[in-house]
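The block underneath contains the structure these notes are about, expressed in structure tokens.
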Amino acid sequence: MQTANVNVPIRVTGRHVSVTDAIRDYAKSKIDHIHLDYPRIIEVHVILDVSKHRQSAEIILHCANHITIEADMECDDMYAAIDGVVAKVTRQMRKYKTKMLRSHRPRKHLPQHIEEQVLHIDEQFEIEEAEPKHLHSEKYTVHSLFVDEAVLQLEMAANRPFIVFMNSKTERVNILQRRRNGGFGLIELNLPT
């Protein structure tokens, strides 16, 4: 189940109209149903406006990576305006995602697997309780990616602390890690041939 855009803070304000609880709940429920995994939504601001013969709704999405998506819709009915603006915002998010994930870059390498290297110790060397008690090992498939694609994949996988990939630009194995301050760190490996 996708959980990237769950429990997003939503502000609903009105211009020339007092926002009722029914309209506020309707707008929040429509925005809660936007479950696209990219871009990750940080905050939503819904602005409802009523003039003499028109009712309009505007949505401003503040997303990760300094992305701001805005859309507005005018209609005779406020509920229809909210439906229309949510549909517009969803289309814009899909458009942005396909733009970022479009495979317009040539791939030079097929996925590779990194083999384990075992360190052999002489028999004369004595070890006292040096064996780790809990050792967890995993195998990772190394895909050929650009750095921005790796950042995108790490953002979409919120539970992974790092990603190992073959940098398509430098043709070296890289590790992209999530930092405590919310940023990312890039490690480039020089593997012996």
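What tally of residues in segment 36-82 results from selecting those that are in a helix (DSSP H, G or I) and crowded, with 16+ Cβ neighbours inside 10 Å?
Residues meeting the conditions: 3.
Show the residue pairs meeting these rules: Cβ distance below 6 Å; 6+ apart or different chains; first residue within segment 159-172 and closer than 15 Å to F146 by Cβ; second residue of a type in the set (F, W, Y).
Going by the 6 Å Cβ cut-off, the qualifying pairs are V164/Y140; S168/F146.
Quick one: in segment 17-34, which of the residues that are touching a Leu at 6+ places or on another chain (Cβ under 9 Å) and not in a helix (DSSP H, G or I) is modelled with the lowest pLDDT?
I34
Here are some conditions: (1) at pLDDT 80 or above; (2) under 19 Å from N65 (Cβ atoms); (3) loosely packed, with under 15 Cβ neighbours inside 10 Å. L176 meets all but one. Which one does it not meet?
L176 satisfies every listed condition except (3).
Could you identify the single residue in T20, T13 that is farther than 30 Å from V151 by Cβ, touching a residue at least 24 places away in the same chain (Cβ under 8 Å) and polar (S, T, N, Q)?
T13
Tell me, which residue of segment 99-118 that is hydrophobic (A, V, I, L, M, F, W, C), in a loop (DSSP other than H, G, I, E, B) and at pLDDT 70 or above is nearest to N65 (Cα to Cα)?
Residue satisfying both the conditions and the ranking: I114.
Suppose the filter is at pLDDT 85 or above, out of contact with any helix residue (DSSP H, G or I) (no Cβ under 9 Å at 6 or more places or on another chain) and under 13 Å from M78 (Cβ atoms); does R11 pass it?
The answer is no for R11.
The values are calculated or read from the model by the stated rules, or taken from the named source; none is laboratory data. Note that this is a predicted model, so its numbers are computed, not measured. Note that each Cβ is placed from the backbone with ideal geometry, even for glycine, and that neighbours are counted across all protein chains shown.
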